[in-house]
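Written below as structure tokens is the structure these notes are about.
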């Protein structure tokens, strides 16, 4: 089980290496950058955004491996794990019965 909140170091135009708490329950995915930083993309957006708007993101100093270690996550890339994540996401959005 992951810890819901972890402290990361925010790196973007609006901050100077500011520590922030990130709720991992709201993270859709994490993109690794070539410079060792990570871009966190959230599953939830800002209240004024449209459904097809740009997702809420945050750039942090920590790389994806460091974040996984802090959250005590075991990385899985097998097809079963990906399929289960897809089913879970569809279920949360109420899309399971639409097919």
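The values are calculated or read from the model by the stated rules, or taken from the named source; none is laboratory data. A quick note: this is a predicted structure, and the numbers were derived from the prediction, not measured. Don't worry about glycine lacking a Cβ; one is built from the backbone with ideal geometry, like all the others, and counts go over all protein chains shown.
Taking only region 11-42 into account, find how many residues are on the phi > 0 side of the Ramachandran plot and modelled with pLDDT under 90. Lay out the reasoning, then the answer.
Step one: of region 11-42, the residues on the phi > 0 side of the Ramachandran plot are 17, 36.
With modelled with pLDDT under 90 added as a condition, the list becomes 17.
Residues flagged as on the phi > 0 side of the Ramachandran plot and modelled with pLDDT under 90 within region 11-42 amount to 1.
Results for (1) part of a helix (DSSP H, G or I); (2) out of contact with any strand residue (DSSP E or B) (no Cβ under 9 Å at 6 or more places or on another chain); (3) modelled with pLDDT under 90, shown as yes or no for each residue.
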| position | (1), (2), (3) |
| --- | --- |
| 9 | no, no, no |
| 44 | no, no, yes |
| 49 | no, yes, yes |
| 52 | no, yes, yes |
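Of all residues in region 54-68 being exposed (fewer than 15 other Cβ atoms within 10 Å of the Cβ) and in contact with a strand residue (DSSP E or B) (Cβ under 9 Å, 6 or more places away or on another chain), which is nearest to residue 13 (Cα to Cα)?
57
Of the numbered conditions (1) in a loop (DSSP other than H, G, I, E, B); (2) modelled with pLDDT under 80, residue 84 satisfies every one except a single condition; which is it?
Only one criterion in (1) in a loop (DSSP other than H, G, I, E, B); (2) modelled with pLDDT under 80 is unmet by residue 84, namely (1).
Could you list, in sequence order, the residues of region 61-79 that are at pLDDT 75 or above and assigned to a helix (DSSP H, G or I)?
Result: 64, 65, 66, 67, 68, 69, 70, 71.
Filter region 4-43 down to the residues that are within 15 Å of residue 65 (Cα to Cα) and in contact with a helix residue (DSSP H, G or I) (Cβ under 6 Å, 6 or more places away or on another chain) and list them by number.
6, 24, 30, 32, 38
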